[in-house]
1. With +1 on each Lys and Arg Cβ and -1 on each Asp and Glu Cβ, how big is the dipole of segment 416-539 about its Cα centre, in debye rounded to the nearest 20?
2. For every helix of n ≥ 4 consecutive DSSP H residues, a contribution of -39,500 (n - 2.57) applies; sum these over the chain, divide by its total residues, and give [θ] at 222 nm rounded to the nearest 500 deg cm²/dmol.
3. Calculate one ³J(HN,Hα) per residue across segment 171-178 by plugging θ = phi - 60° into the Karplus curve 6.51 cos²θ - 1.76 cosθ + 1.60, and present them in order as whole Hz with x for glycine and proline.
4. What is the angle, in °, between the Cα long axis of helix 355-375 and the longest principal axis of the Cα atoms in the chain? Nearest 10 is fine, range 0 to 90.
5. Quick one: go through segment 622-658 and flag any residue whose amide nitrogen is under 18 Å from the point 7 Å out along the Cα-to-Cβ line of Arg551.
6. Where nothing but the Cβ of Lys and Arg (+1) and of Asp and Glu (-1) is charged, how large is the charge dipole of segment 386-481 around its Cα centre, in debye to the nearest 20?
7. How large is ³J(HN,Hα) for each residue in segment 288-305, as worked out from phi by the Karplus curve 6.51 cos²θ - 1.76 cosθ + 1.60 (θ = phi - 60°), to whole Hz, x for Gly and Pro?
8. Per-residue counts of other Cβ atoms within 10 Å, averaged by peptide: what ranking do you get for 215-221, 285-291, highest first?
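Values quoted throughout were computed directly from the atomic coordinates according to the rules given, and no laboratory measurement underlies them. Everything quoted here is computed from the prediction, not taken from an experiment. Note that each Cβ is placed from the backbone with ideal geometry, even for glycine, and that neighbours are counted across all protein chains shown.
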Amino acid sequence: MPPLSTLDQRLGQLAARRWLSPLLAALLLGLALWVMTRAWDASLLDRYQFRQTQTALTAYWLQQDGFQLAYPLPIFGPPWSVPFEFPLYQWLVALLANATGVSLLSAARLVGIAFFLLTLPAVYGLAAGAERDPRRRLLVPAAVLVAPVCLFYSRTFMIESCAAALAVWFLFAHVRNLQRADWRWTTLTAAFGILAALVKITTFALFGAAAVAYSFYRLWQAARRPACPGAEPGFRRLVTACLLPAVPILVLGVWWIRFTDVVKRANPYAEQFTSANLSTWNFGKLSQRWDPAFWRTIGWDLHQGILSGWMLLLLAAGLVVIAPRFRRAALVCAAGFLIGPLLFSNLYEVHDYYFFPSAFFAAGAAGIILAGVLESPRLGVTVKALVLLVFFGLQAVNFNLYYAVTLKDRSATAPPLTEVIRLATLQDGIVLVHGWDWNTLIPYYAERRAILVPGRSEEDVHLLLTILAQLPPGRIASLVMQGPHKNDAAFIHWRTRLLNLSPTPVAKSPDGDLYLPAAAIAPLAAKLAGHPAYPGVTLDFSHPPEEPDPRLHYQEVNPATYAAVASPAPIAVFNPWTVDVSPLAGQPTIFANAPSELHFEPPPGATQIVATVGLNERSYTEANPTDGVDVVIFELLDSGERRPLYQRSLDPARYPGDRGPQSVVINLLRPVTGTVVFALYPGQSDNIAKDWGYWRHIRIH
């Protein structure tokens with residue numbers, strides 16, 4: 001082995017070659033691309049499946065329906081949109097997939113990686129403020145390139161790299177805007193800033209805060225120096241250059257938040273995601289920022305995703321030997337890393353992918369320190385080379401420890417149940433899902449619209465029926481039961497009866513049990529005939545007939561009794577007690593307590609049904625009031641199947657809007673030919689106490 005001085009000399013000669021830095025940069029870029037393209041066809045179930053499938057679901061429906069501001073995220077019912085970020089990334093993914101024919105997943109990975117790589121020139125440009133030497137400056141984007149959190153999440157079906165690219169270019173344009181008297185940079189600052197704020201405000205906020213800090217620094221500098229024509233931009237020009245981009249960014253950012261809030265409020269399940277309701281979740285509590293446990297979590301995510309603890313020790317040692325200008329720039333960059341955790345404490349504590357944009361500050365600080373180490377005359381060339389080898393080696397070790405395991409082991413495949421759902425449900429059918437909260441895995445892999453019942457609203461039928469009222473009857477084509485009610489027989493009977501589904505699951509699996517309309521079971525059995533078994537899924541096509549409610553007893557009807565209240569008169573009544581027709585508030589009324597069914601033979605060509613339904617006032621004003629009833633009107637077909645025409649829950653004790661007479665108007669697209677049934681059923685607990693219902697003004701014509 002040659003002496004250290006000789007090794008220093010040889011390495012110094014090699015380092016002097018102009019081609020060495022570009023060659024090493026190209027090699028590093030090639031290795032990064034190799035890492036990001038491993039397990040290319042793996043599923044989205046590696047990390048944060050709910051976030052990846054949510055983004056993928058939006059891209060899928062944009063691919064089907066085209067670009068929309070209220071872009072599709074069909075998981076809560078009409079208006080089938082729950083807009084969060086502006087869907088630039090999802091739209092580009094859909095466009096690429098349509099234009100090239102590659103899969104949506106491949107398009108997502110390509111777009112994400114491209115955005116990440118596009119950040120590097122802007123990082124290189126920003127680094128010029130700390131390092132003028134173009135070769136040493138390459139270390140700053142190189143340090144960002146090898147940050148494990150960036151390498152991993154750039155390849156996922158997420159918007160992180162897109163948001164970061166726009167935000168980094170915004171900051172670069174803003175710096176140039178304040179350094180030069182050129183309005184083109186002002187325009188670019190506004191353009192990148194608007195897109196960055198719309199695509200992901202939590203990412204833009206980090207770079208926006210850095211831009212504000214830099215603006216005040218430049219304004220302070222300008223205020224201290226005398227005016228000098230031809231020199232750097234003066235104070236007034238700087239103020240103008242700051243304000244011109246800031247105004248449209250702020251205005252459009254606020255507009256987008258308000259627009260998305262309006263769309264979300266249109267659906268009871270989506271309202272939980274309005275900006276006001278998410279405020280505490282996003283920002284966290286003030287006490288969180290003083291909690292040592294919080295900073296331990298932040299430190300751990302920094303360790304595994306950006307710079308390990310050993311790396312921080314190495315960089316701290318480097319701070320001692322580098323020139324003051326490098327030290328100041330590195331510390332300023334490191335301070336930028338703290339913006340995210342301090343501003344959005346809860347998001348950073350819960351989700352490690354939020355460290356993606358913060359990595360630009362922390363890794364940028366590391367790159368500046370490395371450039372300062374290479375510039376330092378106090379260290380030999382061999383030591384400098386070892387520092388670089390250790391830095392990039394430790395980054396490789398960290399990626400291998402915490403992220404590569406996903407790429408090596410491959411992520412789980414989609415639940416086999418989703419394939420059964422896709423085959424069982426027509427393209428325009430809707431899947432109602434209990435027990436998955438708002439995890440979008442089922443609607444994405446089943447490629448069907450869905451209504452995901454939030455966990456806290458599982459038993460609130462009023463909210464569900466408010467949503468179902470915006471759909472044509474019978475559009476719920478399947479039901480998936482998971483979670484606390486998966487084995488709750490009473491709850492399942494109530495749900496399947498309400499939705500006109502078979503009460504026996506056609507498929508049972510760890511991911512949920514699948515219920516279908518009786519008419520859909522035989523076609524599914526035919527599709528799956530001879531198909532290999534789905535692992536973990538037990539199929540049952542027997543479809544035993546539903547047991548009739550033993551409390552419903554047939555009663556003969558005297559048509560004359562109903563002449564004043566129903567046209568035509570019912571042909572049969574089913575009820576545990578005698579159905580009475582007598583005045584209520586001076587109007588003829590059919591008193592039919594739940595459970596009850598009134599059967600009518602419709603006149604030929606009938607396409608409209610009108611009626612008034614309600615619960616007696618005493619049912620909810622007295623002690624121990626009713627727990628509500630389900631109002632269901634359906635056509636009983638010759639096959640024995642039910643064609644739903646109307647459904648609603650009345651719970652006047654809890655909801656004042658359900659009190660008093662409720663109008664029913666049904667305009668049908670085709671005439672009814674089978675028996676029309678007006679039913680009042682007990683609510684989800686099957687408690688019939690004080691379910692004192694009534695009908696008035698029934699007209700079928």
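1. 260 debye
2. After summing the helix terms and dividing by residue count, I get -16000 deg cm²/dmol.
3. Coupling constants for segment 171-178: 5, 4, 4, 5, 4, 5, 4, 8 Hz.
4. 10 degrees
5. 624-633, 648-653
6. Once rounded to the nearest 20, the dipole reads 260 debye.
7. Along segment 288-305, the couplings run 4, 6, 9, 7, x, 4, 4, 6, 5, 5, 4, x, 5, 5, 4, 4, 7, x Hz.
8. Packing proxy ranking, top to bottom: 215-221, 285-291.
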